[in-house]
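Working notes for the structure below.
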Amino acid sequence: MRDYYSKYSNEYSWLIKEEGWVKSLQGVRESQMALGNGFLGSRAILEELPYDSKPGTYIAGLYDDVGSQVAELVNLPNPFNFKITADGEKMGLVTMDVEEHKRSLNLRHGLLLRHSVFQDTRKRKYDYQSLRFISMHNKNLGVMQIVFTPLDDGATVSIETGIDTSIYNSGTVTEGRKKHFRVKELGQFKNEGYLVLETFSKSSTIILRSGFYYQTRGKKVIAKDNVFELKLRKNQTVVFTKIFYIDRVSDQKYLEKVKRASEKNFRKAFQAKFSQLISRHIRAWEDLWDVAEVSVWTAPEIEKNFRFNIYHMLICKPQDNGLSSVGAKALTGEGYRGHIFWDAEIFAFPFYLYTFPEAARDMLLYRYRRLDGARDIARAQCFKGAMFPWESAGLEGKEQTPDRAKDLDGKIIRIHTGEQEHHLTADVAYAFHHYYNATGDETFLRDYGYEVFFETARFWASRVEYNKRKKKYEIKHVIGPDEFHPDVNNNAFTNVMARWNLAIAYEMFCKAEKSFPLALKKLTQKIGLLAKEPAVWKKIAAHITIKVGKDKLIEQFDGFFKKRKVEITSWDENSIPIITEKLTPRDYAKTQLIKQGDVVIFLHLLSDAFSLKAKRKNYQYYLERTIHRSSLSVPTYAIMAADVGDRNKAYRFFNVALHTDLSNLHGNTSVGIHIASIGGTWQILINGFAGVRIEKGILSINPRLPGMWRKILFSLRWRGRLLRLEVKNNVVRVQVISPEKKKGKVKIKVFGVLHELSGNKTFDFKRRKGAEEKKTYYL
């Protein structure tokens, strides 16, 4: 039988394949092979929806809280609905015998391909092929095509399509499944089905339109209904094509206008040829990969698996001017209810910053547009400034952390992260500064950045407590990234990031005085900033408690060194510790076992402030105590391992992070991919192995590739220029591509030596012994 889509499935290095069907892996495959474009996300369900399948269609930033404890990402009706029966027997992997089944996700072009051969109870075979995509060219558009052929005899086939509204959000530990939308309008118009939905909170209206046609024996027929029959002869092929269009309306006064526009846009797409729709989609993907691709020479499997990770970053790339950001599971599932955590700014953000800075800008605007909500949270807890919520969802910026969740052993526990995990406020400020460092965008700094720096610093200035005896400022009753230890005092990560936040806010105030005096005056009037406040920030920053020993070992929090040490004596095949002692997750708080390395994380984030000796001491100490029960843990340890010269562990941890979702290492990929781990994997390769860092505001490249890799090729955006990099351990080639409006040279440090590079030229650099400049460190 002819393979209709063979031209889309012949590049092995760009394909993720499913060979055969394993029921227990159904949910995992639906997440792994999901489609999206940053506005829409769709789980890779099989069209016939076997039992326990979890359809998921999501719009970035669309939440509803009616019927649930906190807001949830809304699961919309399933537009890929398609069911077919032959002489009364339903086509499907469960309902028929399966002679052959395979699916492929084309990472390069964002296409999901399928080929199945079924056999009915009368031993008649049917060939079933499908292709679908969420358009990267038109964010509102989705397309599916199905090719069906009865192989042994004629058959009367019944088709059921349309948009399936019997969709629910999954249940959580304290709530059953629920629906977050109601149908306001539905109907058929000019061979088009349409739905108008409204979230129960009435915050958003969604418009869905779909059309369906089929072609057989050279004739094209537009379906007038969602249910119909066809009589097919033996070997008669019919090609079904379904096109749908989804849009969102946040302000009801624009509803009729958006409805008219959606009708016009859908009609244009429906009348276009399938070949045109897919060609435009593919060209848009090619443009993305032109910047995002990373080539790893002499490691083809690593390269392909890394492409899988980048693919998932691309299908949730923000593009809505701050309406949404990147949730912990992106748009591939409902894990964590689609909420946004610190993962977005610390782990996902850098990929976008250095490849698509406009997407990074949108992520920051997401926080800025909820600054009033952050002020309300701070005020409610008797603090000043702005305190961002630990879990964010929706438009208002409220705290969305539920009060209960499942622990690692499945037990339902009370959680306190929303009350105590305050470091996120500094993490947001860190991302704003990271953006300014990499882009040099003074306008963004003036219009948005200064206000965030000042308001977050005000929060920390009110959050600290002064210890007169020690003459130090302390931050008590917090949870750090290591959530095994709640309600601790002077968590090192929290204190260091708060200290950084206060210090950088003071620096930015001084900069604004010189660069934007009028804008600063307006801002200080707007937020009521007193002239004495910045000096107070500087004073507090200089005296925040950070416990450091003479050997440069940093205590994770007050009393950590007095906790009971649990010896780790065995590890699994992924180098993840196995705890042989009989401990429940609630017992970890009494020990030195940690979920992830708080100290190791800030040593990475503020890398140029800490010496190699300090990094080595703390890396080794906390590695022996970390059990990596967060998908964020392994990436930071991999980067630090590369930093301190532990090349074996760096490469081993990189492989673990790389396969987090490909191998379902945490056992929960079925509820969505781990976007933070994926972003962290990109950082391992770029920051760890390629050695790309920002040192004192200068882009620095000092590679330390795994021995079996010949070189890596990748692109970065840096201060308005595109850098094409070819990196080997001892040779670096940099091509600087500058737009016409970008004049002057760019400063880049390679192998520790500072260079000024002209635009639109290529430069080669070799490592020389003893050429690196001397550095000074905080520790």
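Restricting attention to region 1-59, the residues that are in a loop (DSSP other than H, G, I, E, B), more than 16 Å from residue 313 (Cα to Cα) and hydrophobic (A, V, I, L, M, F, W, C) add up to 7.
Before we move on, is residue 238 open to solvent by less than 10 Å² (accessible area, probe 1.4 Å) and within 27 Å of the chain's Cα centre (by Cα)? Considered against the rule, which asks whether it is open to solvent by less than 10 Å² (accessible area, probe 1.4 Å) and within 27 Å of the chain's Cα centre (by Cα), residue 238 comes out as no.
Select, from 170, 250, 203, 262, the only residue that is surrounded by 13 or more Cβ atoms within 10 Å (Cβ to Cβ), closer than 21 Å to residue 36 by Cβ and modelled with pLDDT under 90.
Working: 170 fails: modelled with pLDDT under 90; 203 fails: closer than 21 Å to residue 36 by Cβ; 262 fails: modelled with pLDDT under 90.
Unique residue meeting the criteria: 250.
Among what's in region 687-719 and is aliphatic (A, V, I, L, M) and in contact with a Lys or Arg (Cβ under 9 Å, 6 or more places away or on another chain), pick the residue that is most open to solvent (accessible area, probe 1.4 Å). If we take residues in region 687-719 being aliphatic (A, V, I, L, M) and in contact with a Lys or Arg (Cβ under 9 Å, 6 or more places away or on another chain), then 713 is most open to solvent (accessible area, probe 1.4 Å). When 660, 681 are checked against the criterion of being within 17 Å of residue 27 (Cα to Cα), under 16 Å from the mean Cα position of the chain (by Cα) and surrounded by 22 or more Cβ atoms within 10 Å (Cβ to Cβ), a single residue qualifies: 660. If only residues of region 19-41 that are closer than 21 Å to residue 331 by Cα and among the charged types (D, E, K, R) are counted, the one that is surrounded by the most Cβ atoms within 10 Å (Cβ to Cβ) is 30. What's the total number of residues in region 730-745 that are more than 14 Å from residue 713 (Cβ to Cβ), surrounded by 14 or more Cβ atoms within 10 Å (Cβ to Cβ) and modelled with pLDDT of 95 or more? Going through region 730-745 one residue at a time, the tally reaches 2.
Can you name every one of the helices (runs of 4 or more DSSP H) wholly within region 320-380 that holds 3 or more residues which are in contact (Cβ under 8 Å) with a residue 60 or more places away in the chain and either in contact with a Pro (Cβ under 7 Å, 6 or more places away or on another chain) or open to solvent by 20 Å² or more (accessible area, probe 1.4 Å) (or both)?
357-368
Please determine, by comparing only the residues of region 206-221 that are hydrophobic (A, V, I, L, M, F, W, C) and open to solvent by less than 10 Å² (accessible area, probe 1.4 Å), which one is nearest to residue 82 (Cα to Cα). This residue is 208. Across region 173-200, the qualifying residues are those that are open to solvent by 20 Å² or more (accessible area, probe 1.4 Å) and of a type in the set (Lys, Arg), and the one among them that is modelled with the lowest pLDDT is 190. Look at region 647-669: where a residue is within 14 Å of residue 576 (Cβ to Cβ) and a partner is in a loop (DSSP other than H, G, I, E, B) and of a type in the set (Val, Ile, Thr), sitting 6+ places away or on another chain with Cβ atoms under 7 Å, you get 666/660. Taking every residue in region 612-631 that is in a loop (DSSP other than H, G, I, E, B) and pairing it with any residue that is among the aliphatic types (A, V, I, L, M) and at pLDDT 95 or above, at least 6 positions away or on another chain, the pairs with Cβ-Cβ distances below 7 Å are 625/593; 625/594; 627/593; 628/634; 631/676. Based on what the data block shows, is residue 448 part of a strand (DSSP E or B) and either open to solvent by 30 Å² or more (accessible area, probe 1.4 Å) or under 28 Å from residue 695 (Cα atoms) (or both)? Spelling it out, it is not the case that residue 448 is part of a strand (DSSP E or B) and either open to solvent by 30 Å² or more (accessible area, probe 1.4 Å) or under 28 Å from residue 695 (Cα atoms) (or both).
Test residue 626 against the stated conditions and say whether it is within 16 Å of the chain's Cα centre (by Cα), within 25 Å of residue 328 (Cβ to Cβ), polar (S, T, N, Q) and open to solvent by less than 10 Å² (accessible area, probe 1.4 Å). No, not satisfied. With respect to being among the aliphatic types (A, V, I, L, M), at pLDDT 95 or above and surrounded by fewer than 19 Cβ atoms within 10 Å (Cβ to Cβ), residue 632 falls outside the description. Looking across region 583-610, just one residue is among the β-branched types (Val, Ile, Thr), within 28 Å of the chain's Cα centre (by Cα) and not in a helix (DSSP H, G or I), and that is 594.
When every residue of region 673-680 is checked against the conditions, none turns out to be without any contact (Cβ under 8 Å) to a residue 12 or more places away in the chain and assigned to a helix (DSSP H, G or I). Has region 386-403 got at least one residue that is among the β-branched types (Val, Ile, Thr), outside any loop (DSSP other than H, G, I, E, B) and touching a Phe, Trp or Tyr at 6+ places or on another chain (Cβ under 9 Å)? No - not one qualifying residue is present in region 386-403. Restricting attention to region 400-444, the residues that are among the β-branched types (Val, Ile, Thr) and within 18 Å of residue 373 (Cβ to Cβ) total 4.
Results for (1) in contact (Cβ under 8 Å) with a residue 40 or more places away in the chain; (2) over 30 Å from residue 716 (Cα atoms); (3) open to solvent by 30 Å² or more (accessible area, probe 1.4 Å), shown as yes or no for each residue.
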position	(1), (2), (3)
406	yes, yes, yes
414	no, yes, yes
440	yes, no, yes
466	no, yes, yes
469	no, yes, yes
475	yes, yes, no
492	yes, yes, no
495	yes, yes, no
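Report the residue count in region 114-150 for those that are open to solvent by 10 Å² or more (accessible area, probe 1.4 Å), part of a strand (DSSP E or B) and among the hydrophobic types (A, V, I, L, M, F, W, C). Total meeting the criteria: 1. Checking each residue in region 517-557 for being aliphatic (A, V, I, L, M), outside any helix (DSSP H, G or I) and either in contact with a Leu (Cβ under 9 Å, 6 or more places away or on another chain) or surrounded by 16 or more Cβ atoms within 10 Å (Cβ to Cβ) (or both) picks out 529, 544, 546, 548, 553, 554. With respect to (1) assigned to a loop (DSSP other than H, G, I, E, B); (2) over 21 Å from the mean Cα position of the chain (by Cα), the lone exception for residue 157 is condition (1).
The values are calculated or read from the model by the stated rules, or taken from the named source; none is laboratory data. Please read these numbers as outputs of a predicted model, since none were measured by experiment. For neighbour counting, all protein chains shown are included, and Cβ atoms are generated from backbone atoms with ideal geometry for every residue, glycine included. Keep in mind that these areas ignore ligands, DNA and RNA; they rest on the heavy atoms of the full protein, side chains included. Shrake-Rupley method; radii C 1.70, N 1.55, O 1.52, S 1.80 Å.
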